[in-house]
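A short worksheet on the structure shown next.
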Amino acid sequence: MDENTLFKKNVLVKLYILCLILFLIALFTAYFYTAPASNVNNLNRNIRPDFFQIFFNNIKVASLLIFLGPLTLSLGTIAVLIINGLILGNAIGNIKDNLNLLLLVIPHGIIEVPVLLLAASVGMKLTLDLLLLKINLKFTFKYIGIIFLGLIIAAMLETFITPIFIKGVS
């Protein structure tokens, strides 16, 4: 296998790593520049998450990450990715003094963040495919299906598991 073929086979992995690096830079930047919130202990423990609201919000973000890629030469995908990293970094920065609250993010975030990074990677790959005039719809729809399934799982965790953790957080 020559080097050119290896690059083509691993392009999605390389794009995923690029997206992960951009996301982590944004996340840690926001985290370190955010002062802890003083009213963290005023957590509303009666929150009733709505599966469809959570799921469709995540679908909107994933759709932006995927379809802004080819429409904006991936600049829109990168912008949405960085904005989401900044938002999550700010949220975690607000709870620096009470890291027990991370239990509210971890259950669904363990699925949601990698899936959204995959969506950004697919969006960037679509951009490359369009530029090279080699669009592979089977590949694209396969990954869109994986993203869709991952977002269903993340929304289910956020809807049904996170409320259990809310009650346990002191």
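In a DSSP loop and with at most 14 other Cβ atoms within 10 Å, the trypsin sites (Lys or Arg not before Pro) in the stretch 43-134 are Arg45, Lys134.
Hey, can you list the DSSP H helices of the chain whose Cα span along the axis is 27 Å or longer and whose average Kyte-Doolittle score is at least 1.6?
Both cut-offs are met by 11-32, 75-94, 137-156.
Atom-type composition of the exposed protein surface of the stretch 123-168 places 77 percent of the accessible area on carbon and sulfur (1.4 angstrom probe).
As a test of reading the structure, rank Val113, Val11 by solvent-accessible area (1.4 Å probe, protein chains only), most first.
These residues rank, largest area first, as Val113, Val11.
Let a ≥ b ≥ c be the square roots of the eigenvalues of the Cα gyration tensor of the stretch 60-104; is it rounded (a/c under 1.5), or, if not, prolate (a/b larger than b/c) or oblate? Prolate shape, in that a/c is at least 1.5 and a/b is the bigger ratio. Placing +1 on the Cβ of every Lys and Arg and -1 on the Cβ of every Asp and Glu, with nothing else charged, gives the chain a dipole about its Cα centre of roughly 220 debye. Accessible area per residue was computed with a 1.4 Å probe on protein heavy atoms; Ile110 scores about 110 Å². The alpha carbon gyration tensor of the stretch 76-170 gives principal lengths a ≥ b ≥ c with a/c of 1.5 or higher and a/b no greater than b/c, which makes the shape oblate. Counted over the chain with a bin width of 10 Å, the fraction of Cα pairs per bin, in whole percents, is 10, 34, 33, 16, 6, 1.
A 1.4 Å probe run over the protein chains yields, for the chain, 60 Å² of accessible area per residue, whole-number rounding.
The values are calculated or read from the model by the stated rules, or taken from the named source; none is laboratory data. Nothing here was measured: the structure is a model prediction, and the numbers come from that model. We place every Cβ from the backbone using ideal geometry, glycine too, and count neighbours over all the protein chains shown. To get the accessible areas, we keep the full protein, side chains included, count just its heavy atoms, and leave off ligands, DNA and RNA. Shrake-Rupley method; radii C 1.70, N 1.55, O 1.52, S 1.80 Å.
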